[in-house]
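The block underneath contains the structure these notes are about, expressed in structure tokens.
The values are calculated or read from the model by the stated rules, or taken from the named source; none is laboratory data. Just so it is clear, the structure is predicted and the values come from calculations on it, not from any experiment. Here the Cβ is made from the backbone with ideal geometry for all residues, glycine too, and neighbour counts use every protein chain on show. What goes into the accessible areas is simple: the full protein's heavy atoms, side chains included, and nothing from ligands, DNA or RNA. Shrake-Rupley method; radii C 1.70, N 1.55, O 1.52, S 1.80 Å.
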Amino acid sequence: GAGVSQSPSNKVTEKGKDVELRCDPISGHTALYWYRQRLGQGLEFLIYFQGNSAPDKSGLPSDRFSAERTGESVSTLTIQRTQQEDSAVYLCASSPSSTGELFFGEGSRLTVL
Amino acid sequence: GESVGLHLPTLSVQEGDNSIINCAYSNSASDYFIWYKQESGKGPQFIIDIRSNMDKRQGQRVTVLLNKTVKHLSLQIAATQPGDSAVYFCAEKTAGKLIFGQGTELSVKP
């Protein structure tokens with residue numbers, strides 16, 4: 001596809017379960033970002049991957065959150081032992097460089113019951 | 001996570017009027033700034049960007065102004081249309097990562 005693809009688009013889970021969210025960036029984009037957006041609020045930076053450099057994990061809110069990226073390809077964001085406050089839209093974005101425009105996916109809406 | 005986003009302020013304008021959306025950024029070392037538009041249920045879309053060596057940049061119906069002295073960014077939309085109704089976010093790039101500022105909800109009255 002031409003854009004950033006995220007899956008699932010919607011996920012409902014029970015408190016305490018683990019979830020995995022997937023992001024397929026635009027082909028050739030070296031930079032990949034994850035953000036969290038709670039209802040009616042702004043975007044919270046979570047993590048940033050740039051090429052083969054060590055990721056910037058400074059935005060991850062707790063050790064329940066982790067993310068991986070295979071080379072310059074797919075990324076997964078994993079939330080372990082989900083809590084109700086994890087309910088949000090998780091947005092992924094990719095960029096052709098560390099200085100360029102970010103292209104966002106449509107997000108994965110997570111609801112923790 | 002890092003964010004300046006809290007509950008969003010709103011701006012209501014009449015169709016055809018000009019809109020000005022303001023943003024204060026946090027890091028004087030930031031060297032790149034972007035404005036994004038987010039419609040309900042969608043991911044943010046790029047509007048316009050500006051580098052720190054500039055103080056003004058114009059696009060189609062939009063102008064971004066950068067005042068580094070007071071760390072202030074503004075987005076001007078000329079002849080606002082109903083399709084411009086959305087939440088607008090500014091973002092600053094620092095140490096490679098893009099940090100979003102507080103969004104503003106723009107409502108255009110016909």
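Numbers below:
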read-out: Some residue of the stretch B:17-39 being under 25 Å from A:S58 (Cα atoms) and among the β-branched types (V, I, T); value: yes
read-out: Residue that is most open to solvent (accessible area, probe 1.4 Å), among those in the stretch B:70-110 that are away from chain A (no Cβ under 13 Å), part of a strand (DSSP E or B) and more than 10 Å from B:C23 (Cα to Cα); value: B:K109
read-out: Residue ID - farthest from A:S97 (Cα to Cα), chosen from residues in the stretch A:48-64 that are facing chain B (nearest Cβ under 9 Å) and crowded, with 17+ Cβ neighbours inside 10 Å; value: A:L60
read-out: The lone exception for A:S75 - which of (1) more than 13 Å from every other protein chain (Cβ to nearest Cβ); (2) in contact (Cβ under 8 Å) with a residue 40 or more places away in the chain; (3) surrounded by fewer than 21 Cβ atoms within 10 Å (Cβ to Cβ); (4) of a type in the set (S, T, N, Q) it fails; value: (3)
read-out: Any hit, the stretch A:10-23, residues being open to solvent by 50 Å² or more (accessible area, probe 1.4 Å) and in contact with a Gly (Cβ under 9 Å, 6 or more places away or on another chain); value: no
read-out: Count - residues of the stretch A:30-43 that are charged (D, E, K, R) and within 17 Å of A:S75 (Cβ to Cβ); value: 1
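A quick yes/no check of all residues on (1) farther than 20 Å from B:Q102 by Cα; (2) open to solvent by 40 Å² or more (accessible area, probe 1.4 Å); (3) charged (D, E, K, R); (4) part of a strand (DSSP E or B):
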| position | (1), (2), (3), (4) |
| --- | --- |
| B:V13 | no, no, no, yes |
| B:G16 | yes, yes, no, no |
| B:S26 | no, yes, no, no |
| B:A29 | no, yes, no, no |
| B:W35 | no, no, no, yes |
| B:K42 | no, yes, yes, no |
| B:Q60 | yes, yes, no, no |
